1. Considering Gly248, Gly230, which residue is in contact with a Lys or Arg (Cβ under 8 Å, 6 or more places away or on another chain) and within 9 Å of the ligand (Cβ to nearest atom)?
2. Scanning the stretch 30-42 for residues that are free of Cβ contacts under 8 Å to residues at least 24 places away in the same chain and more than 12 Å from His194 (Cβ to Cβ), which turns out most open to solvent (accessible area, probe 1.4 Å)?
3. Quick check on the stretch 195-217: of everything there that is open to solvent by 10 Å² or more (accessible area, probe 1.4 Å) and closer than 30 Å to Asp40 by Cα, which residue is farthest from the ligand (Cβ to nearest atom)?
4. Please go through the stretch 288-303 and pick out each residue that is more than 22 Å from Ile243 (Cβ to Cβ) and either in a helix (DSSP H, G or I) or in contact with a Leu (Cβ under 7 Å, 6 or more places away or on another chain) (or both).
5. Report, by residue number, each residue of the stretch 276-305 that is within 16 Å of the ligand (Cβ to nearest atom) and surrounded by fewer than 16 Cβ atoms within 10 Å (Cβ to Cβ).
6. For the stretch 318-333, state whether one or more residues are in a loop (DSSP other than H, G, I, E, B), within 26 Å of Gly97 (Cα to Cα), within 11 Å of the ligand (Cβ to nearest atom) and open to solvent by 10 Å² or more (accessible area, probe 1.4 Å).
7. Tell me, which helices (runs of 4 or more DSSP H) lie completely within the stretch 203-276 with 2 or more residues that are within 30 Å of Glu124 (Cα to Cα), touching a residue at least 24 places away in the same chain (Cβ under 8 Å) and of a type in the set (A, V, I, L, M)?
8. Which of (1) open to solvent by less than 50 Å² (accessible area, probe 1.4 Å); (2) modelled with pLDDT under 95 is the odd one out, the single condition Pro178 does not satisfy?
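The values are calculated or read from the model by the stated rules, or taken from the named source; none is laboratory data. Computed from a predicted model, the values in this text were never measured in an experiment. Because the Cβ atoms are built from the backbone with ideal geometry, glycine has one as well, and the counts that use them run over all protein chains shown. All accessible areas refer to the heavy atoms of the entire protein, side chains included, with ligands and DNA or RNA removed. Shrake-Rupley method; radii C 1.70, N 1.55, O 1.52, S 1.80 Å.
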Amino acid sequence: LSGAITIDPGYKNSGSCKSEITFLDGELGILRYRGYSIEDLAEKADFLEVSYLLIFGELPTKVQLEQFENDIRKYTLVNEEMKNIIDGFPKTAHPMGVLAALTSALTAFNPKSVNVENDKEMYEAVCKTMGKFLVIATWTYRKSMGYPLNYYDNTKGYVENFMRLMFELPTEPYKASPVVIDALDRLFILHADHEQNCSTSTVRMVGSSHAGLFASISAGVSALWGPLHGGANQAVLEMLEEIHKNGGDAEKYIAKAKDKNDPFRLMGFGHRVYKNFDPRAKIIKKAANEVLATLGVEDPILAIAKKLEESALEDEYFKSRNLYPNVDFYSGIIYRALGIPTDMFTVMFAIGRLPGWIAQWKEMRENKEPIGRPRQIYTGSPLRDFVSSDKR
Ligand code: SDX
């Protein structure tokens, strides 16, 4: 973590830094981006609008938003030689591993983006990252399917382009329905930033050494991949599918989650900060009902998720530990209804979190924060003399 380090016992003595971007209150279940409530933004804004808010600090005017979208469009072409890198991966490679590698590789084709010296270079790095990251994120899926890689269509919107880049085939043009675009806007907004979580702290730490934005974001992708962090949304779906396959017995899995001799954890439950409902989980649960109903998707997994949530919320083990559903518990159910494959769920999280990572990196650099250098509590051996190997 970089910046003014204060040890706040409320956060289990983890370090903390100063930021104006996101406020969250774990006890009350409050989340705000630059002072706007997540409930308001998820309902009334679109993803690029919220990205602009996080990165530049204010909601954009119509003209500013159009300009931002057009400036992103200038950089959506990814160097063709990047395809040589993606061709080096087996089809079975996990998309998050490919995405981390491709994001870092962007530096090789955009060397100027390493040292951002002024506002103009910062703005260019922001637009380049927003544009290119979305394209390479979808290339990880296209590669795994053996499909040709798609290009961004500058006549379409950012979120609509995501679905096109993912699913359009030379033989089959893709038309995203407004329901799908609205659902994705909301999901990306809900994932856009979350204070100093594991992956964002990683982006700030790497950026604090003045490594470039692509390298810092690549590190954030790797941190997010872990099943205790962003990888949880994939783990939730795999858990729900296993419960469904084994007859849908939620109580059996609640018991497993409570058994200290069993490594199983209820994925999508619990949080380092929220000791109340994760406000994002409430919004996503409601959206899951709406999107599946509108798309006419009957998914037994949703019923299992609700049963699991109900049982856990009534159970003393979970109640006494303030374990509630988090952002990852319901999101995968919507992704599945939109046709997104399970191993792309954490890539979806990364696309949503990208503006937050960029905003936090930009804030840290503009505040000229010192290189991150957490200290430790030494618990090793006291001073001792060396003994030669023949005497050990
Ligand atoms: C994200 O930080 C962020 O903001 C992250 C995030 C973001 O937007 O960036 O919100 C996104 O990463 C959400 C979290 C996704 N991860 C999961 O859903 C994985 C399952 N959850 C856990 O593994 C766990 O809850 C963590 C990792 C999220 C938090 O872990 P902690 O800090 O170790 O949990 P804790 O200290 O609060 O645990 C207290 C007790 C422990 O038991 P006891 O030692 O008291 O007996 O609760 C138990 C834990 O074993 N516990 C669980 C549990 N989570 C905690 N028991 C069963 N199932 C769980 N999911």
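1. Details: Gly248 fails: within 9 Å of the ligand (Cβ to nearest atom).
Of the residues listed, the single one that is in contact with a Lys or Arg (Cβ under 8 Å, 6 or more places away or on another chain) and within 9 Å of the ligand (Cβ to nearest atom) is Gly230.
2. At the first step, the residues of the stretch 30-42 found to be free of Cβ contacts under 8 Å to residues at least 24 places away in the same chain are 32, 35-37, 40.
Now drop any that are not more than 12 Å from His194 (Cβ to Cβ), which leaves 35-37, 40.
Working: Gly35: 61, Tyr36: 82, Ser37: 38, Asp40: 66 Å².
Looking at the filtered set, the residue picked out is Tyr36.
3. Within the stretch 195-217, the first condition is being open to solvent by 10 Å² or more (accessible area, probe 1.4 Å), and the residues that meet it are 195-198, 201-202, 205-206, 209-211, 215.
Still in the list and also closer than 30 Å to Asp40 by Cα: 195-198, 201-202.
Working: Glu195: 6, Gln196: 8, Asn197: 3, Cys198: 6, Ser201: 9, Thr202: 11 Å.
That would be Thr202.
4. Filtering the stretch 288-303 for residues more than 22 Å from Ile243 (Cβ to Cβ) gives 290, 293-296.
Answer for the stretch 288-303, where residues must be more than 22 Å from Ile243 (Cβ to Cβ) and either in a helix (DSSP H, G or I) or in contact with a Leu (Cβ under 7 Å, 6 or more places away or on another chain) (or both): Glu290, Ala293, Thr294, Leu295.
5. The one that is within 16 Å of the ligand (Cβ to nearest atom) and surrounded by fewer than 16 Cβ atoms within 10 Å (Cβ to Cβ): Asn276.
6. Filtering the stretch 318-333 down to residues in a loop (DSSP other than H, G, I, E, B) leaves 321-324, 326-327.
Narrowing the set further to residues that are within 26 Å of Gly97 (Cα to Cα) leaves 326-327.
With within 11 Å of the ligand (Cβ to nearest atom) added as a condition, the list becomes 326-327.
Narrowing the set further to residues that are open to solvent by 10 Å² or more (accessible area, probe 1.4 Å) leaves 326.
The answer is yes, given that some residue of the stretch 318-333 is in a loop (DSSP other than H, G, I, E, B), within 26 Å of Gly97 (Cα to Cα), within 11 Å of the ligand (Cβ to nearest atom) and open to solvent by 10 Å² or more (accessible area, probe 1.4 Å).
7. Details: elements: 213-225, 232-245, 250-258.
Hits in the stretch 203-276: 213-225.
8. (1)
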